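Each remark here refers to the structure printed beneath this line.
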Amino acid sequence: MDYERQQHAPIYEALERFRKKRVVPFDVPGHKRGRGNPELAQLLGEKCVGLDVNSMKPLDNLCHPVSVIREAEELAADAFGAAHAFLMVGGTTSAVQSMILSVCKAGDKIILPRNVHKSAINALVLCGAIPVYVNPEVNAQLGISLGMEVSQVEKAMDENPDAVAVLVNNPTYYGICSDLRTIVKKAHARGMKVLADEAHGTHLYFGRNLPVSGMAAGADMAAVSMHKSGGSLTQSSLLLLNKSMNAEKVRQIINLTQTTSASYLLLSSLDISRRNLALRGEESFEKVAGMAQYAREEINEIGGYYAYGMDLINGTSVFDFDVTKLSIYTLGNGLAGIEVYDLLRDEYDIQIEFGDICNILAYISIGDRLQDIERLVGALADIERLYKKDSTGMLSGEYIAPAVVASPQQAFYAEKESLPMEQAAGRISGEFVMCYPPGIPILAPGEMVTQEIVEYILYARDKGWSEGRTSSGPERGYLIMELWYSEFHTGNVKLSVRINRQLFSGESEFQRIDVFESEEFGRFVALDGEIVFSDKDEFIYDEMVTHVPMTVHPNVKNVLIIGGGDGGVARELIHYPQIESIDVVESDKMFVDVCAEMFPDIAQGLKDERVNIYYEDGLRFLRNKKARYDLIINDSTDPLGHTEGLFTKEFYGSCYKALRDDGIMVYQHGSPFYDEDEVECRKMHRKVFRSFPVSRVYQAHIPTCPSGYWLFGFASKKYHPLEDFRPERFDNLNIETWYYTTNLHRGAFMLPKYVEDLLEEEENSL
């Protein structure tokens with residue numbers, strides 16, 4: 001690979017030059033750089049729609065490239081170790097189909113595993129080729145199809161010497177890899193081409209200690225889904241060729257179905273992603289593999305799950321394993337994979353790749369963060385605690401060997417009759433039937449519908465699988481580097497503060513930290529463009545999260561603060577002599593250090609001998625804590641960025657476990673006035689109301705919060721914030737406050753009607 005040349009991104013560079021020229025558009029697309037569709041421009045950004053252009057001389061033409069696209073294809077070939085590369089804007093579906101159409105014509109045989117993506121079988125419908133299926137071995141415990149054994153492939157070759165090609169999944173959805181090098185060697189010895197479906201294998205070309213890539217193994221063609229693990233935009237892929245293929249002939253095949261109006265957004269994303277992988281791919285995927293391995297170890301500690309990996313390798317049906325894949329067996333908890341998939345999405349706001357009868361797949365790639373892994377692990381632990389059930393009677397197998405009675409093309413174009421699935425046994429399928437995702441057909445055109453398949457589909461449907469047949473709004477804050485600091489509360493409302501000077505600006509591994517000095521608020525801190533506290537109003541927040549629970553719980557000895565790196569909450573807690581320990585869990589040490597220097601009066605709370613500071617992720621810290629704390633205070637205010645995991649159902653579930661039988665949790669409920677904030681308020685109340693027997697909300701008026709109004713959540717295993725309120729506990733300590741009083745305590749739970757209504761709506765919806 002030519003590393004110096006790989007630093008270039010010719011399509012991206014050409015688009016930058018084009019943008020600066022301000023060309024007047026009298027061509028398509030008709031939105032004219034977004035002016036004709038302002039809603040689209042607002043959604044995607046003017047710069048993005050401004051680069052949604054058509055083929056023209058400075059930007060080349062995908063169908064017949066001669067300049068920047070041709071150079072980008074050459075760079076892609078160099079990066080991936082191929083003789084030629086094609087930029088594909090129809091997804092890996094079009095790349096797979098182009099591979100097959102390049103080597104197969106009507107009546108030709110092609111050897112392929114039955115657990116191929118529907119795109120491969122669609123190609124057979126188009127060209128009329130005949131499939132010779134190699135039925136993969138199935139892992140009986142996991143219910144997953146394994147790789148193509150060399151002996152099986154060799155047997156299919158011997159029985160079908162006229163076959164023109166072999167298609168191999170490298171790897172499968174689950175991370176299973178076949179012995180691709182040996183298959184290539186044996187196929188080439190018989191004059192057969194080898195096609196590698198590497199929809200899930202982009203990283204194989206750049207990662208160390210990963211399975212062999214298609215090009216390295218000598219495959220003739222490989223379809224690589226750059227948008228999956230490569231970081232490009234959805235629907236962008238590469239088609240790679242070795243020297244054995246005629247590139248011009250393949251381009252002719254591609255142009256049969258490829259658009260003549262290729263998206264330059266997709267093309268530039270391929271160009272930039274290729275550069276990123278060439279220059280930083282090895283380092284990136286080493287990190288990805290490390291995160292996946294960490295997740296496997298943590299998930300296997302929960303119980304009931306099995307996150308499998310290299311331990312599956314047997315040298316035949318599992319020749320190798322892609323360690324970046326986080327595949328997890330779920331039946332040990334009595335839950336089908338699709339049930340866990342739905343729970344993660346619906347209850348924990350975590351979207352994974354797919355769930356099947358027995359497993360789920362969490363796709364980990366270059367854009368993932370350790371805090372995201374912690375959220376997933378925490379959610380799985382909470383699901384095991386709340387939803388585990390008896391697995392008796394559950395299906396455990398996924399693959400059912402098909403009975404092929406007609407070619408896909410014959411069946412697809414035949415006269416058809418629609419029948420309910422319950423009545424379809426004994427008939428021939430005329431279309432694809434699949435549970436999506438992952439898009440691997442249960443039935444393909446030309447296959448017999450058996451009673452076993454019918455029962456499987458009905459079972460999958462019952463478990464929640466979708467049957468397939470053919471907030472954040474504007475950024476919350478941004479800095480105008482003149483005399484004003486502006487924080488957007490919505491797209492149409494902002495808080496602006498005139499500043500005297502900026503005292504600090506730094507970027508930790510978690511967030512940007514800025515400290516400003518102003519007339520009205522004194523010094524204030526902004527994290528990622530959002531004000532978190534100021535000299536003038538921090539006392540309101542600190543007093544309300546501390547004294548409310550402390551005057552309700554009769555004997556708080558052990559306290560956990562999640563966040564709290566500024567020291568303000570700890571400063572209020574140390575007024576209580578009965579407290580024995582205060583654990584502060586803060587992920588960002590830079591934030592703690594900055595606050596200690598810039599806000600020494602507030603940070604003094606961290607110097608008390610009862611305070612212990614832990615620099616780690618809050619979800620991880622909580623995971624194995626059981627019945628340890630009397631009070632937990634979530635001192636993180638923003639459900640975005642690196643703290644988003646602290647506003648999730650799995651976090652609240654972990655807090656529940658970590659509290660003693662009479663424990664209290666206080667958490668951030670946000671500002672409900674604006675519509676976009678109201679949605680988050682509703683979600684938080686819904687999550688906590690389900691997790692704790694006592695769940696109430698109280699209010700405070702904090703000037704720097706959106707609309708100047710903030711809500712806190714009070715959740716408890718036993719105590720009610722008003723019925724168990726004992727003001728004498730606070731009065732007897734003679735703690736000096738500026739905001740909190742025992743009279744205010746009662747009033748804080750008397751909420752405005754619109755707030756009571758939205759909370760009641762969520763409670764009644766459960």
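Go through ALA570, PHE651, SER236 and say which Cα lies farthest out towards the positive end of the charge dipole of the chain; charges sit on Cβ, +1 for Lys and Arg, -1 for Asp and Glu.
The residue sitting farthest along the positive end of the dipole is SER236.
Report the Stokes-Einstein translational diffusion coefficient (µm² s⁻¹, integer) for segment 542-652, Rh taken as the Kirkwood radius over Cα pairs, at 10 °C with viscosity 1.306 mPa s.
Working: Rh = 14.1 Å.
Answer from the Stokes-Einstein relation: 112 µm²/s.
Which entries in the list LYS20/LYS494; LYS155/LYS193; LYS389/LYS718 go over 19 Å, if you measure between the two C-alpha atoms of each?
Values: LYS20/LYS494 31 Å; LYS155/LYS193 16 Å; LYS389/LYS718 27 Å.
As for pairs spanning more than 19 Å Cα to Cα, those are LYS20/LYS494; LYS389/LYS718.
Could you size up the charge dipole of the chain around its Cα centre, putting +1 on the beta carbon of Lys and Arg and -1 on that of Asp and Glu, and report it in debye to the nearest 20?
Working: 76 positive and 110 negative charges, 436 e Å.
Dipole size: approximately 2100 debye.
Can you give me the three principal axis dimensions of the chain from its C-alpha atoms, in Å, biggest first?
93, 67, 46
Put +1 on the Cβ of every Lys and Arg and -1 on every Asp and Glu Cβ in the chain; which of PRO549, SER581, TRP484 then has its Cα farthest towards the positive end of the dipole?
Of the listed residues, the answer is TRP484.
How many nm separate the modelled label positions at ASP662 and GLU154, each set 7 Å beyond the Cα in the direction of the Cβ?
Those two pseudo-labels are separated by 7.3 nm.
Run the helix sum for the chain: -39,500 (n - 2.57) per DSSP H stretch of 4+ residues, divided by residue count, reported at 222 nm to the nearest 500 deg cm²/dmol. Write out the running numbers ahead of the final one.
Details: 27 runs with 281 residues, N = 766.
Calculated mean residue ellipticity at 222 nm is -11000 deg cm²/dmol.
Among the DSSP beta bridges whose two residues both lie in the chain, what percent are antiparallel, rounded to the nearest 5? Write down the numbers at each step before the final one.
Details: 68 of 102 bridges.
Beta bridges within the chain, antiparallel portion: roughly 65 percent.
How much length is gained if the chain between VAL493 and MET750 is pulled fully straight, taking 0.36 nm per residue apart and subtracting their Cα-Cα distance, in nm to one decimal?
On the way: separation 257, 0.36 × 257 = 92.52 nm, distance 2.71 nm.
Gain on stretching VAL493 to MET750: 89.8 nm.
Quick check on packing: order 216-222, 360-366 by the mean number of other C-beta atoms within 10 Å, highest mean leading.
216-222, 360-366
Rounded to the nearest 20 Debye, what is the dipole magnitude of segment 283-387 about its Cα centre when Lys and Arg each give +1 and Asp and Glu each give -1 at the C-beta? Walk me through the numbers before you get to the answer.
Details: 7 positive and 20 negative charges, 19 e Å.
Charge dipole of segment 283-387: 100 debye, to the nearest 20.
Which shape class applies to segment 477-527: rounded if a/c is under 1.5, otherwise prolate when a/b exceeds b/c and oblate if not, where a ≥ b ≥ c are the square roots of the Cα gyration tensor eigenvalues? The partial results should precede the final answer.
Values: a/c = 1.98, a/b = 1.11, b/c = 1.79.
Note, shape of segment 477-527 comes out oblate.
Check which residues have an amide H placed less than 5 Å from GLU149's amide H, if you skip close sequence neighbours.
Long-range HN contacts for GLU149: GLU137.
Positive end of the charge dipole of segment 31-182 (Lys, Arg +1 and Asp, Glu -1 on Cβ, about the Cα centre): tell me which of ASN160, ILE130, ALA85 has its Cα farthest that way.
ALA85
Whole number please: convex hull volume per residue of the Cα set in segment 533-764, in Å³? Spell out each step's value before the answer.
Numbers: hull volume 26.1 nm³, N = 232.
Convex hull of Cα atoms, per residue: 112 Å³.
Given labels modelled 7 Å from the Cα in the Cβ direction, how far is it in nm from GLU452 to ASN135?
0.7 nm
Would you please put 327-335, 718-726, 513-521 in order of how densely packed they are, using the mean number of other Cβ atoms within 10 angstrom per residue and starting with the highest?
For the peptides 327-335, 718-726, 513-521, the packing ranking is 327-335, 513-521, 718-726.
Based on Cβ point charges of +1 for Lys and Arg and -1 for Asp and Glu, what charge dipole magnitude is obtained for segment 597-703 about its Cα centre, in debye rounded to the nearest 20? Mind showing how you got there, number by number?
Working: 16 positive and 18 negative charges, 160 e Å.
With only Lys, Arg, Asp and Glu charged at Cβ, the dipole is about 760 debye.
Between GLU678 and GLU728, what is 0.36 nm times their sequence separation minus the Cα-Cα distance? Round to one decimal in nm. List each step's numbers first, then the result.
Values: separation 50, 0.36 × 50 = 18.00 nm, distance 3.53 nm.
Extra length available between GLU678 and GLU728 comes to 14.5 nm.
Modelling each spin label as a point 7 Å along the Cα-to-Cβ direction, I'd like the VAL23/ASP52 distance in nm, to one decimal.
1.8 nm
Suppose R0 equals 35 Å; then what is the FRET efficiency for LYS625 and SER707 from their Cβ-Cβ distance, rounded to the nearest 0.05?
Working: r = 35 Å, r/R0 = 1.01.
E between LYS625 and SER707, to the nearest 0.05, is 0.50.
Where does the charge balance sit around TYR739 when Lys and Arg score +1, Asp and Glu -1, over other residues with C-beta under 10 Å from its C-beta?
-3
Counting DSSP beta bridges in segment 533-764, what percent are antiparallel, to the nearest 5?
On the way: 13 of 31 bridges.
Roughly 40 percent of the beta bridges in segment 533-764 run antiparallel, per DSSP.
Report ³J(HN,Hα) in whole Hz for each residue of segment 265-278, in order, from the Karplus equation J = 6.51 cos²θ - 1.76 cosθ + 1.60 where θ = phi - 60°; Gly and Pro get x.
5, 5, 4, 5, 5, 5, 5, 5, 5, 4, 4, 4, 5, 4
Of the listed pairs LYS626/LYS687; LYS625/LYS649; LYS557/LYS717, which have alpha-carbon separations greater than 18 Å here? Show your work: numbers first, answer last.
Numbers: LYS626/LYS687 20 Å; LYS625/LYS649 16 Å; LYS557/LYS717 16 Å.
Exceeds cut-off: LYS626/LYS687.
If you take every residue apart from MET550 with its C-beta less than 11 Å away from the C-beta of MET550, what net charge results, scoring Lys and Arg +1 and Asp and Glu -1? Spell out each step's value before the answer.
Details: positive: ARG726, ARG729; negative: GLU543, GLU572, ASP630.
Surrounding charge for MET550 is -1.
Given R₀ = 51 Å, what would the calculated FRET efficiency be for ALA189 paired with GLU509, taking r from the Cβ atoms and rounding to 0.05? Numbers along the way, then the final one.
On the way: r = 52 Å, r/R0 = 1.02.
Result of the calculation: an efficiency of 0.45.
Report, in listed order, any pair from LYS47/LYS228; LYS21/LYS47; LYS32/LYS57; LYS228/LYS325 with a Cα-Cα distance greater than 21 Å.
LYS47/LYS228
Readers should treat all values here as calculations from the given coordinates under stated rules, not as data from a laboratory. In this text the structure is predicted, and so the values were computed from the model without any measurement. Cβ atoms come from the backbone with ideal geometry, glycine included; neighbour counts cover every protein chain shown.
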